Structures are given as C-alpha cells and as structure tokens.
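Peer 1: Here it is: the structure, laid out below.
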Amino acid sequence: MALGGARFRYIISSNTLGRFGLAMGEGAKRILLVEDTEVNRVVVRRLVRELNVSLEEAENGQAAVDLIRGGRTYDLILMDKEMPVVDGHEATRQIRSLGVTTPIVALSGDSLESDRDLFLQAGADEFQPKPLTRDKLINIFSRYGLDYD
Amino acid sequence: MEVSRLQRRYIDFISALFHEGFLDSQFTELQHLQDESNPDFVSEVASLFFEDSERLLNELSRTLDQQTVDFKKIDAHVHQLKGSSASIGAQRVKNVCLTFRSCCDENNLEGCLGCLQQVKQECYLVKNKLDALFRLEQQILATGGVVPIMSKD
C-alpha cells in the first residue's frame, strides 16, 4: 500500500531473522551493554532477542568496569559515551588497562569526530552513531564473529 | 468495510506524523520489533519514554530555577532526553534537545528557558499524537483488522 511515497505492509506473523532467528541456547555469545538511559536499554534488549546472544547490562561505566574486575567476560561490549559516574571514554580506558581485549563498539548520539577520536584513543575498536537498529546490530555482530553461519 | 476505513485513517494519520516531523524512521524500526510475543512493545516503550521525560522535565525546571544555574547538570538531563527521544523516533523532541544543548554550552540561560518551554510543548504534542495513534490501533484490532506498518525501505 503506498501513500505519499511511503510504503506500508501488514505485519501478521512474527519477525524472522533468517540465520539469526535461533533460540538462545548453549554457546550464546555474551554481550555487555553499557548504557545509562533505560529506554535505550529496553530497545536494545528487544533488538537482540532473536540474535542468539546473552545480554548483560551496566548502567554506567563504573558498573561495567566493576563487572569486568569481578571476572565477567564478554564477546563484545557496546559502550555509550555520556553516562554518570564514569563515562564511556574513561570506562574504555580502564577496561583496556585491565588487559581486556574484548571488542568494544563505542556508541554516541553525537557523531562528532572528537568523540570518535577520543574513543579510539581510549581503546575502542569502532564508533557507531545511535540509535542502534537491528540491521546495524547484525552488521556489528557479523564483523566480530558473533553470527552463526 | 469498517476495518479498511480505520486502516486508511491510520495510514493517513501516521503519514502526517512523519510528514510533520513528529516521528522519524526509528519509530518504524520499533514497530517492526512488535510481534505476537510483544504485542504492546511500541506503546510500552513510549510510556517509559514519557514517564522518563516527565521526570527529566521536572528536574530541568527545578535546576533552571536555581539562583546559580548548573549548566553541566542541565546538559546531562537534556542529553538523556535527547538519547531516549532518538530511541523512540520522537524527532521534534530530539531536535529541540540539540538546540537546548547548544544553549547549555554557551551558558545561555534565556536560550535554555526558551528550549525548556519548547521541549515541554513538543513532548506534550507527541504524547497526544501517539495516544491517538495507539487508540486507532486498538480500534483496528477490535474490529479484527491488522495494523498497517510502514516499510523500512
């Protein structure tokens, strides 16, 4: 159905995600989401639901560093920039200083080059603008070997 | 007959919300995450957003009302509102937040006060619009219809 250039479709069945549409089971990759805004966490939680990953959440950079110091290990870290207590730049730096080599994908709503540079200097692997979408996440997961071919 | 009339109204209404800039593609993204196991996902995320924005707007009013205004604190609250509005696709709210943050950077009290009024107004407007949209969805479902969702491409 088209209207003013927009296209509509009727969604009847569940969303399917092809090769990613697996139930979370043994061997699920572990993702740490570091994000202070609850709405954003709820959306990411829903985005990853069919992606066969196990998601843990930290509300700020300090909570993330504490989880890692406590022995938690992850296959990927999604790190927001601006957060209370310890921000994303500093948390990334601290995580790297602990010798952790887990890929860190930095996230920010402001696509400023300075943010990107600071994150990369702190040890992030890449920088992605927010908000995340399912397609963006699938691409990120693929790049870091979190897919299931 | 009734269902198709409601579906047409729905399409007209949501198209206008996009056309007038109230919503952007992130809202469509959320709609595509809604399925039988999460039939109210979009309205639940929207409710969470409006609860959170009410809290942040109250905090902003209080902080801007102080004798000495802490612009860093204001900026942190606006940052949160910007992030959550972007996550639900409330484009006009997000855009005012961008201007609001520039005013914070410049320690521009007048500008911040103006932006606070504007962002309150935009939150109020988009809440009313989304309430009406969700009511229309319920009417379509009650008549046995399926809610039309805009394609992402």
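Peer 1: Work out the mean other chain Cβ neighbour count within 10 Å for the residues of B:81-90 and drop it here as an integer.
Peer 2: Counting other chains' Cβ atoms within 10 Å and averaging over B:81-90 gives 6.
Peer 1: Would you mind giving the mean number of other chain beta-carbons within 10 Å of the Cβ of each residue in B:45-52, as a whole number?
Peer 2: 3
Peer 1: Counting only protein heavy atoms, what percent of the accessible surface of the protein assembly as shown is carbon or sulfur at a 1.4 Å probe?
Peer 2: Looking at the protein assembly as shown in its full context, I get 49 percent from C and S.
Peer 1: With the crude spin-label approximation of a point 7 Å out along Cα→Cβ, what separation in nm comes out for B:Leu98 versus B:Ala142?
Peer 2: 3.9
Peer 1: Next question. Once Lys and Arg get +1 and Asp and Glu get -1 on their Cβ, which of B:His19, B:Leu57, B:Asn38 lies farthest toward the positive end of the dipole of the stretch B:1-59?
Peer 2: Checked the options; the winner is B:His19.
Peer 1: Going by accessible area, probe 1.4 Å, with all protein chains left in place, what is the ranking of A:Ser142, B:Ser25, A:Ser108, largest first?
Peer 2: Output order, biggest surface exposure first: B:Ser25, A:Ser142, A:Ser108.
Peer 1: Something else about it: With only Lys, Arg, Asp and Glu charged, each at its Cβ (+1 for the first two, -1 for the last two), find how big the charge dipole of the stretch A:28-143 is about the Cα centre; round to the nearest 20 debye.
Peer 2: The dipole of the stretch A:28-143 has a size of about 520 debye.
Peer 1: Would you list, by chain and number, the lysines whose Cα falls below 21 Å from the Cα of B:Lys127, excluding same-chain residues fewer than 8 positions away?
Peer 2: B:Lys82, B:Lys94
Peer 1: Once phi is turned into ³J(HN,Hα) by the Karplus curve 6.51 cos²θ - 1.76 cosθ + 1.60 with θ = phi - 60°, what whole-Hz value does each residue of the stretch B:142-150 show in order, with x for glycine and proline?
Peer 2: Result, ordered by residue: 5, 8, x, x, 10, 6, x, 10, 5 Hz.
Peer 1: Compute the accessible area per residue over the stretch A:28-143, keeping the other protein chains in place, probe 1.4 Å, unit Å².
Peer 2: On a per-residue basis, 39 Å².
Peer 1: Put a dot 7 Å past each Cα toward the Cβ at B:Glu51 and B:Asp70; how far apart are the dots in nm?
Peer 2: Result: 2.5 nm between the two label points.
Peer 1: Here is a further query. In Å², nearest 100, what accessible area do chains B and A bury in total when the solvent probe is 1.4 Å?
Peer 2: So the total buried area for this chain pair works out to about 3100 Å².
Peer 1: Let me ask something else. Which of the listed residues, B:Ile88, B:Gln138, A:Pro103, is farthest toward the dipole's positive end in the protein assembly as shown, when Lys, Arg count +1 and Asp, Glu count -1 at the beta-carbon?
Peer 2: Result: B:Gln138.
Peer 1: Is the shape of chain B rounded, prolate or oblate, going by the alpha carbon gyration tensor and its root eigenvalues a ≥ b ≥ c, with a/c under 1.5 for rounded and a/b larger than b/c for prolate?
Peer 2: Judged from the Cα gyration tensor, chain B comes out prolate (a/c at least 1.5, a/b above b/c).
Peer 1: Related question: Using the Cβ atoms and a cut-off under 12 Å, what net charge is assigned to the surroundings of B:Val96, where Lys and Arg are +1 and Asp and Glu are -1?
Peer 2: +4
Peer 1: Compute the Rg/Rh shape ratio of the stretch B:64-153: radius of gyration over Kirkwood radius, all on alpha-carbon atoms.
Peer 2: Reported Rg/Rh (Cα atoms, Kirkwood Rh): 1.16.
Peer 1: Could I ask something else about it? Per-residue mean of other chain beta-carbon atoms within 10 angstrom of the beta-carbon, peptide A:31-44?
Peer 2: 5
Peer 1: Here's another thing I want to ask about it. Tell me what the protein assembly as shown gives for mean residue ellipticity at 222 nm when only DSSP H runs of n ≥ 4 count, each as -39,500 (n - 2.57), the sum divided by the residue total, rounded to 500 deg cm²/dmol.
Peer 2: -18000 deg cm²/dmol
Peer 1: Further question on the same structure: Taking a ≥ b ≥ c as the square roots of the eigenvalues of the Cα gyration tensor of the protein assembly as shown, is the shape rounded (a/c under 1.5), prolate (a/b larger than b/c) or oblate?
Peer 2: Oblate.
Peer 1: Give A:Lys130/B:Lys73; A:Lys136/B:Lys129; A:Lys130/B:Lys72; A:Lys81/B:Lys73 a once-over and call out the pairs whose C-alpha atoms are over 18 Å from each other.
Peer 2: Listed pairs above 18 Å: A:Lys130/B:Lys73; A:Lys136/B:Lys129; A:Lys130/B:Lys72.
Peer 1: Moving on to the next point. Please work out the FRET efficiency for the pair A:Arg30 and A:Ser114, using the Cβ-Cβ distance as r and a Förster radius of 41 Å; give the result to the nearest 0.05.
Peer 2: In this case the efficiency is close to 0.85.
Peer 1: Sticking with this one: Rounded, prolate or oblate for the stretch A:28-143? Axes are the square roots of the Cα gyration tensor eigenvalues, ordered a ≥ b ≥ c, and the cut-off for rounded is a/c under 1.5.
Peer 2: rounded
The values are calculated or read from the model by the stated rules, or taken from the named source; none is laboratory data. All values reported here derive from a predicted model rather than from experimental measurement. Virtual Cβ from ideal backbone geometry, glycine too; neighbours counted across all protein chains shown. Note: areas computed on protein heavy atoms with side chains; ligands, DNA, RNA excluded. Shrake-Rupley method; radii C 1.70, N 1.55, O 1.52, S 1.80 Å.
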